[in-house]
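Here, each number is a calculation from the coordinates, and none is a lab measurement. All values reported here derive from a predicted model rather than from experimental measurement. Every residue, glycine as well, gets a Cβ built from its backbone with ideal geometry; the counts of neighbours run over all protein chains shown.
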Amino acid sequence: MHYPKPITSKLPNVGTTIFTVMSQLATHHNAINLSQGFPDFDCDPALPALVSKFMQSGHNQYAPMAGILGLREILAEKTSALYGADYDAEQEITITAGATQAIFTAITAIIREGDEVIVFDPAYDSYQPAIELNGGITIHIQLQAPDYTIDWTKVSQAITPRTRMIIINTPHNPTGTVLSAQDMIKLTEVTLGTDIVIISDEVYEHIIFDDQAHQSVARYPSLAERSFIISSFGKTFHATGWKIGYCVAPKALMVEFRKVHQFLVFCTNTPVQFALAEYLKQPHHYLELGHFYQQKRDYFIGLIKGSQFELKPAAGTYFQLLSYKKLSQEKDTDYAIRLTKECGVASIPVSVFFQEAVNHHVLRFCFAKKNETLEKAAVLLRNLN
Ligand code: PMP
Ligand code: GLN
């Protein structure tokens, strides 16, 4: 079909997301797909059984706009039990179509023309387009390589009277690092006395390793009172295709969030919400996740030993960065493509999450895979020299 007029794009610099690009390339070349983050094993069969139960028993019409109350109540209990913060299930929790929608909604609810939003590079790729579509200006601060820590002096220096929002993400995609209690204290200090709103992307809240405690902003009252906390059931319950997540925020912020939410999606999948409300009643379903993925991480790292790749074990998420410095000096985007085509393993080049041109010679590998998948990939990766 021919569209007769030229289009002035609202997002001239945006192409197709790297997750789609690399997954398609993996399929095309029949490579093992360790690029886009999703498990290659199924979720607990109890979950689809519950969804089916609620579908069969007639829960097939619109859910309430903010989500079914039973699910919001159990999330309020979870947030209180884990992080000591009390949120009102009625007014301060909303169920969303994945974390992506929650992020877009929170940004849209707050950001106006000319507002500045600080993000940390490498930054998850949905933040900047959402900021720009709302007329905001993205201020990029690079995490300090090789450990990808935040330089808080840089953050203080970047704050201006137009700074309206800071977006943090812990555990962090793509680096697998986590923020510390000290980071949260610094964040408290730099935002004190400002009207900066925080989006805390905590989709990997339960995927954290080596006995570390997840530093949710909910643990810090003076941060929680200015924050949208966003999480995703897709990560926690091995069901990324269900696209269901939630947002927790103080009432005044949530009122604005829902003004957007109700016209973006209105509500999300009803039987899945009922199923999750039931499933979440057993905390071990999410509390064991860190242990589960720590074993996967360690298994993958063990398999990679003896290869030319260098690594620092991920502290959280289901991603492991591998440095290929000893193998090649190519740009990571080129190397990732070559690795997919010639070695048969697809990964994600980390430089695409930076505004500035960088090449740290690192690729991100998703280890949310069956052991046999990891074994097959490792054989191919170990053969590289
Ligand atoms: N934030 C981060 C950091 C993510 O990694 C992802 C997806 N993997 C999302 C948000 C989006 O989550 P969802 O699939 O629930 O939309
Ligand atoms: N968040 C997932 C990842 O980092 C992918 C999500 C997506 O494909 N949009 O791989």
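For region 90-219, with only Lys/Arg (+1) and Asp/Glu (-1) charged at the beta-carbon, what is the dipole magnitude about the Cα centre, in debye rounded to 20? Walk me through the numbers on the way to the answer.
Values: 6 positive and 18 negative charges, 61 e Å.
Charge dipole of region 90-219: 300 debye, to the nearest 20.
Rounded, prolate or oblate: pick one for region 195-250, where a ≥ b ≥ c are the square roots of the eigenvalues of its C-alpha gyration tensor, a/c under 1.5 means rounded, and failing that, prolate if a/b is larger than b/c, else oblate. Could you put the intermediate results ahead of the total?
Values: a/c = 3.33, a/b = 1.38, b/c = 2.41.
Since a/c reaches 1.5 but b/c is at least a/b, the shape of region 195-250 is classed as oblate.
Quick one: if you stick a label point 7 Å off each Cα along the C-beta vector at F266 and S9, how many nm between them?
The modelled label-to-label distance comes out at 3.3 nm.
For a quick check: sort S9, S126, S227, S351 by the number of other beta carbons within 10 angstrom, fewest at the front. The partial results should precede the final answer.
Details: S9 8, S126 16, S227 28, S351 21.
Fewest-to-most ranking of S9, S126, S227, S351: S9, S126, S351, S227.
How many angstrom lie between the Cα centre of region 1-60 and the Cα centre of region 135-195?
That distance is 29 Å.
Could you calculate the contour length gain from F292 to S222, that is, 0.36 nm times the residue separation minus the distance between their Cα atoms, to one decimal place in nm?
Working: separation 70, 0.36 × 70 = 25.20 nm, distance 3.26 nm.
Extending this stretch completely gives an extra 21.9 nm.
Positive end of the charge dipole of the chain (Lys, Arg +1 and Asp, Glu -1 on Cβ, about the Cα centre): tell me which of G344, P250, L47 has its Cα farthest that way.
G344
Lys pairs in region 275-366, Cα-Cα under 23 Å, at least 8 apart or on separate chains: how many?
11
Using the beta-carbon distance between Q61 and K326 and R0 = 56 Å, what value does 1/(1 + (r/R0)^6) give for FRET efficiency, to the nearest 0.05?
Numbers: r = 58 Å, r/R0 = 1.03.
For Q61 and K326, the calculated efficiency is 0.45.
With the crude spin-label approximation of a point 7 Å out along Cα→Cβ, what separation in nm comes out for A213 versus D86?
Going by the 7 Å Cα→Cβ label model, 2.0 nm.
Under a GNM of the chain (C-alpha, springs under 10 Å), which listed residue has the highest mean-square fluctuation: Y246, Y127, Y204?
Y127
Output ³J(HN,Hα) for region 223-236: one whole-Hz value per residue in order, computed from phi by the Karplus curve 6.51 cos²θ - 1.76 cosθ + 1.60 with θ = phi - 60°, and x for Gly and Pro.
Here the 3J(HN,Hα) series is 8, 4, 5, 10, 10, 9, 9, 10, 9, 9, 6, x, 6, 6 Hz.
Going 7 Å from the Cα of D125 toward and past its Cβ, which residues in region 338-356 have a backbone nitrogen under 19 Å from where you end up?
Once the point is set 7 Å along Cα→Cβ of D125, 338-341, 345-356 turn out to lie under 19 Å by backbone N, inside region 338-356.
How large is the dipole of region 254-385 about the Cα centre if only Lys and Arg carry +1 and Asp and Glu carry -1, each at its Cβ, rounded to the nearest 20 debye? Can you show the working numbers first?
Working: 17 positive and 12 negative charges, 28 e Å.
For region 254-385, the charge dipole is close to 140 debye.
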